[in-house]
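Below: one structure in structure tokens.
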Amino acid sequence: MWKETTWRKMPQSLNHVWIKKEARMLGAIQIASGVINLFLGMIWARLLVSQLDTFGKTYIPIAGVSAYGVWSSFFFVIAGFCTMMLEKTRERCWMTHTIFTNVLSSCIALIGLLLISLELAIFSSSKKRVIWPQKCGKLLSEYLWLFTSLQFLVSCVVMHWILKAKYRR
């Protein structure tokens, strides 16, 4: 009975998470890279639909066909939102959500990096003459690769900070 009363009298500050203030900035970067991925995916889809007969068999636009830029942006924005909410409220319940969404976001970013790298490798090995829409598609895929790698790195940094704060003694 004594332990129960002492537990109730513990200060609420123990439920408080000590996370770096820069986490809000990293959350904003995650949201921005998610929105940029969304717009790159939409541009890719538009280019693919308008120039479908031009691409032919020489170029397999994996990023455009799979719509990676569109569906991945949802996970990136959610991870950024959870990161910003964790830094703002500094509560343990947001810590679990942030860890989960950043792990999911980094896994999706890793899958995207592999897909886009495969696409760029296939494009580089093509011996046929490259035309303008194919060059545009390759450029869009390169930008998508850059922003996906940014998302992967930011998710890894956020997870490192959160796990460091979680196991802080």
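Restrict the check to the stretch 119-133 and report whether at least one residue is part of a helix (DSSP H, G or I), crowded, with 18+ Cβ neighbours inside 10 Å and of a type in the set (Asp, Glu).
Taking every residue of the stretch 119-133 in turn, at least one turns out to be part of a helix (DSSP H, G or I), crowded, with 18+ Cβ neighbours inside 10 Å and of a type in the set (Asp, Glu).
Looking at 75, 100, 123, which one is among the aromatic types (Phe, Trp, Tyr), under 24 Å from residue 35 (Cα atoms) and touching a residue at least 24 places away in the same chain (Cβ under 8 Å)?
Sole residue among the options that is among the aromatic types (Phe, Trp, Tyr), under 24 Å from residue 35 (Cα atoms) and touching a residue at least 24 places away in the same chain (Cβ under 8 Å): 75.
Look through the stretch 85-100, keep the residues that are surrounded by fewer than 20 Cβ atoms within 10 Å (Cβ to Cβ) and within 14 Å of residue 25 (Cα to Cα), and return whichever of them is nearest to the chain's Cα centre (by Cα).
Restricting to residues being surrounded by fewer than 20 Cβ atoms within 10 Å (Cβ to Cβ) and within 14 Å of residue 25 (Cα to Cα), the top hit is 85.
Now for a different question. Examine the stretch 66-80 for a residue that is at pLDDT 80 or above, touching a Cys at 6+ places or on another chain (Cβ under 7 Å) and either surrounded by 14 or more Cβ atoms within 10 Å (Cβ to Cβ) or within 24 Å of residue 29 (Cα to Cα) (or both), and state whether such a residue exists.
no
Residue by residue through the stretch 128-152, note down the ones that are among the aromatic types (Phe, Trp, Tyr) and over 18 Å from residue 32 (Cα atoms).
132
Need the failing condition index for residue 81 against (1) under 16 Å from residue 166 (Cβ atoms); (2) out of contact with any Leu (no Cβ under 8 Å at 6 or more places or on another chain), just the number.
(1)
When you scan the stretch 23-55, how many residues do you find that are over 20 Å from residue 152 (Cβ atoms) and part of a helix (DSSP H, G or I)?
Matching residues across the stretch 23-55 total 12.
The values are calculated or read from the model by the stated rules, or taken from the named source; none is laboratory data. The model shown is predicted, which means the values in this text are computed figures rather than measured ones. Using ideal geometry, Cβ is built from the backbone for each residue, glycine included, and neighbour counts are taken over all protein chains shown.
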